[in-house]
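The values are calculated or read from the model by the stated rules, or taken from the named source; none is laboratory data. Note that the coordinates shown come from a computational prediction; the quantities given were computed from them, not determined experimentally. Note: ideal-geometry Cβ built from the backbone for every residue, glycine included; neighbour counts use all protein chains shown. Side chains are part of the model used for accessible areas, which takes the heavy atoms of the whole protein and leaves out ligands, DNA and RNA. Shrake-Rupley method; radii C 1.70, N 1.55, O 1.52, S 1.80 Å.
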Amino acid sequence: MTKPVPMAEIWRGSLLESLHLGHAVICDDSGQIVRSWGDPEAVIYPRSSSKMIQALPLITSGAAAKYGLSTEQLALACASHNGAHIHTDRVNNWLSQLGLGDDDFRCGPQEPADRPARDELIKNDASPCQVHNNCSGKHAGFLTLNQHLGAGPDYVEVDHPVQQACLTAFEEVTGMSSPGYGIDGCSAPNYATTVHGLARAMSWFASAGDRSDRASAAAAELSAAMMLHPDLVAGETRACTNLMRAMGGKVAVKTGAEAVFIAIIPEKKLGVAVKIVDGATRASECAIAAILVGLGVLEADHPETRKYLDAPLLNRRGIDCGSLRPSAELRF
């Protein structure tokens with residue numbers, strides 16, 4: 001099957017009002033496809049779902065050990081956070097540890113998704129800083145690696161040693177040469193791969209504990225940090241945080257812009273990649289939840305699961321008007 005397939009449905013009354021199509025792949029520890037939907041060879045940008053790959057050189061280079069990075073910092077390196085104080089305070093402390101400041105970032109300012117943090121800025125007539133950018137943790141990781149390498153300040157340039165290290169890691173774990181790159185929302189290059197390549201990379205992370213090489217140890221460390229600190233990976237109200245909490249720290253999940261979602265399942269040594277072709281986040285959240293339930297790692301009746309799986313659609317008066325459901329193709 002080479003076309004995207006139905007993955008998430010919006011029902012209002014008895015009418016199927018909207019339909020989201022996509023691709024998904026589950027890979028085992030050998031990188032082989034266990035199950036797929038749509039076209040496994042569809043080329044995509046992983047966007048922020050690949051942050052744990054981009055963080056690999058931070059550890060394999062020796063930079064993380066040199067600066068004594070904590071599990072919280074490693075989780076933030078993989079994060080797309082809300083810009084809450086729980087995130088920005090830690091990133092600012094990380095910058096201070098490096099002797100750097102907000103101006104050293106190259107990610108750009110962003111209004112916090114966290115409402116209390118946003119309201120605090122408004123009340124103080126203050127503007128967002130780069131530390132509020134959802135990718136500031138990743139960029140703190142880039143700055144740490146950059147300082148370790150002694151390279152130039154424009155670390156987001158595609159030919160910079162930091163980004164070349166990320167490309168090398170990306171191609172190694174996806175098992176294929178990247179066909180190209182685009183510039184992400186945070187200004188860093190985002191390398192393209194296939195849905196299969198992304199799932200293969202996540203299965204490599206999931207099975208990292210079976211191997212003894214340095215890169216695998218780094219992968220296991222990053223996955224563990226994500227599972228240990230789900231609140232730092234995203235934040236309150238976010239699917240990544242909610243689903244990781246619901247699975248009791250046994251699975252790492254990560255969203256990416258334009259409706260990409262991955263899962264790393266160490267107990268089953270499986271990796272999952274989802275891409276919804278219309279870029280709807282609500283659909284990628286529904287699809288990843290359905291797959292995790294189908295794999296037996298997420299309880300279908302858990303309160304957090306219900307936010308994404310067969311979730312009621314409430315209007316502004318709280319009236320149940322319909323539901324967001326996984327398509328029949330996604331039900332195991």
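Data table
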quantity: Accessible solvent surface per residue of the range 1-111, calculated while the other protein chains remain in place, 1.4 angstrom probe, Å²; calculated: 42
quantity: Choice from Ala77, Ala239, Ala169 showing the highest fluctuation, given a GNM over the chain with Cα pairs closer than 10 Å; calculated: Ala169
quantity: For the chain, Cys with no neighbouring Cys Cβ under 4.7 Å; calculated: Cys27, Cys78, Cys129, Cys166, Cys240, Cys286, Cys321
quantity: Stokes-Einstein D (µm²/s) once Rh is taken as the Kirkwood radius of the range 214-270 over alpha-carbon pairs, at 10 °C in 1.306 mPa s; calculated: 137
quantity: Helix 136-149 axis, angle to the chain major axis (alpha carbon atoms, nearest 10°); calculated: 40
quantity: Where trypsin sites (Lys or Arg not before Pro) in DSSP loops with at most 15 other Cβ within 10 Å are excluded, longest remaining stretch of the chain; calculated: 1-210
quantity: Over the range 271-332, relative contact order from alpha-carbon pairs under 8 Å, at least 6 apart, %; calculated: 29
quantity: Crossing angle, helix 195-206 versus the chain [Cα axis fit, 0-90 degrees, rounded to tens]; calculated: 70
quantity: The range 223-267 - percent of accessible surface contributed by carbon and sulfur, probe 1.4 Å; calculated: 52
quantity: Pair Ile122, Ser30: separation of 7 Å Cα→Cβ label points (nm); calculated: 5.6
quantity: Relative contact order %, the chain, counting alpha carbon pairs below 8 Å whose residues are six or more apart; calculated: 24
quantity: Nearest 10 degrees, 0 to 90: helix 161-174 Cα axis against the chain principal axis; calculated: 40
quantity: Sequence-distant aspartates and glutamates (8 or more away, or on other chains) whose Cα lies within less than 13 Å of Lys51; calculated: Asp184
quantity: Where labels lie 7 Å past Cα in the beta-carbon direction, separation of Glu41 and Thr281 in nm; calculated: 3.3
quantity: Chain lengthening between Arg245 and Arg211 when straightened (0.36 nm per residue, less Cα-Cα); calculated: 9.6 nm
quantity: Per-selection Kirkwood Rh - the range 64-179 (Cα, Å, 1 d.p.); calculated: 15.0
quantity: Residue of Ser14, Ser127, Ser61 that the Gaussian network model of the chain assigns the largest fluctuation, springs spanning Cα pairs under 10 Å; calculated: Ser14
quantity: Most mobile of Ala75, Ala206, Ala257 in a GNM of the chain (Cα contacts under 10 Å); calculated: Ala257
quantity: Net length gained if the chain between Val158 and Ile319 were fully extended (0.36 nm per residue, minus Cα distance); calculated: 53.0 nm
quantity: Spin-label model distance (nm) - Ile183 vs Leu98, 7 Å beyond Cα toward Cβ; calculated: 2.0
quantity: Residue-averaged [θ]222 nm for the chain, counting only DSSP H segments that reach four residues, each worth -39500 (n - 2.57); calculated: -11000 deg cm²/dmol
quantity: For the range 189-332, diffusion coefficient by Stokes-Einstein and Kirkwood Rh (Cα), 37 °C, 0.692 mPa s, µm²/s; calculated: 209
quantity: Contour excess over end-to-end distance, with Cα ends at Ser14 and Arg306 and 0.36 nm allotted per residue; calculated: 103.1 nm
quantity: Listed residues Ile319, Ile262, Trp94: farthest to the positive end of the dipole of the chain (Cβ charges); calculated: Ile319
quantity: q = 0.11, 0.19, 0.22 Å⁻¹: log10 I(q)/I(0) that the Debye formula gives for the range 25-132, counting C-alpha atoms only; calculated: -0.51, -1.04, -1.24
quantity: Total lysine pairs under 17 Å (Cα atoms) in the range 173-332, excluding pairs fewer than 8 apart on one chain; calculated: 5
quantity: Amide H contacts under 5 Å for Leu313, placed H, 5+ residues apart; calculated: Cys321, Gly322, Ser323, Leu324
